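This report concerns only the one structure given below.
The values are calculated or read from the model by the stated rules, or taken from the named source; none is laboratory data. As the structure is a prediction and not an experimental result, all values here were calculated from the model. With ideal geometry, Cβ positions are generated from the backbone for all residues, glycine too; neighbour counts draw on all protein chains shown. Accessible surface is based on the protein model in full, side chains and every heavy atom, while ligands, DNA and RNA are left aside. Shrake-Rupley method; radii C 1.70, N 1.55, O 1.52, S 1.80 Å.
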Amino acid sequence: MNSVWPIVIGGVLPALFWGITAIFQKQSATSATGFYLIAFGAACALAGLIAALIWRPAPWTAEGLGFAATSGACFAVGTGLISFALFTYGVPVSKLAPIWSCNVLVTLAIGAVFLGEASELDTMKLVAGTLLIISGALLVSSA
């Protein structure tokens, strides 16, 4: 990869927007709205419609739609659980965000095992990075 743009577009900007998302999710929970997932889902659907109209056309397949729906369901359950914890327990978003950000480890494990990406991984870097992510999450969430 010769350009830094794919990392900025696919990594830095999503991290920025997801960080902002967490703040608005907390604000929504403290405003006592029970419709967070509905409003969130509607905004995602609208963004998806706009993206589908702007980006390259791609075929619609049952398999692709099934994967997308499963992804959306997993995301909705996780997001719903975060909202529940924020609203019900009043936990600070700054305590939860470092923990749920460990999701990269789940993605990495599933990608390695089920998508055959294990051969591309450096075991020593993987172990060191995992320990750093977990210890960092624990350290930041207890700050």
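The table below lists the values:
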item: Debye log10 I(q)/I(0) for the chain, one point scatterer per Cα, at q = 0.15 Å⁻¹; result: -1.05
item: Solvent exposure, largest accessible area first (probe 1.4 Å, DNA, RNA and ligands not counted), of Lys125, Lys26; result: Lys125, Lys26
item: Shape category assigned to region 86-143 from the gyration tensor of Cα positions, a/c cut at 1.5; result: oblate
item: Helical contribution to [θ] at 222 nm, DSSP H n ≥ 4, -39,500 (n - 2.57), averaged over the chain, rounded to 500; result: -24500 deg cm²/dmol
item: In nm, spacing of pseudo-spin labels at Trp18 and Ile110 (7 Å Cα→C-beta vector); result: 1.2 nm
item: Accessible surface, 1.4 Å probe, highest first, among residues Leu86, Leu37, Leu131; result: Leu131, Leu37, Leu86
item: Fraction of accessible area attributable to carbon and sulfur, the chain (%, probe 1.4 Å); result: 76 percent
item: Dipole magnitude (debye, nearest 20) for the chain, charges at Cβ of Lys, Arg, Asp, Glu; result: 360 debye
item: Listed residues Thr123, Thr21 arranged by accessible area, highest first, probe 1.4 Å; result: Thr123, Thr21
item: Top positive-direction residue, dipole computed over the chain with Cβ charges, set Val93, Ser135, Gly78; result: Val93
item: Using a Förster distance of 22 Å, the FRET efficiency for Arg56-Ile7 (Cβ separation, nearest 0.05); result: 0.60
item: R0 of 35 Å, Cβ-Cβ distance Ile133-Thr88: FRET efficiency to nearest 0.05; result: 0.85
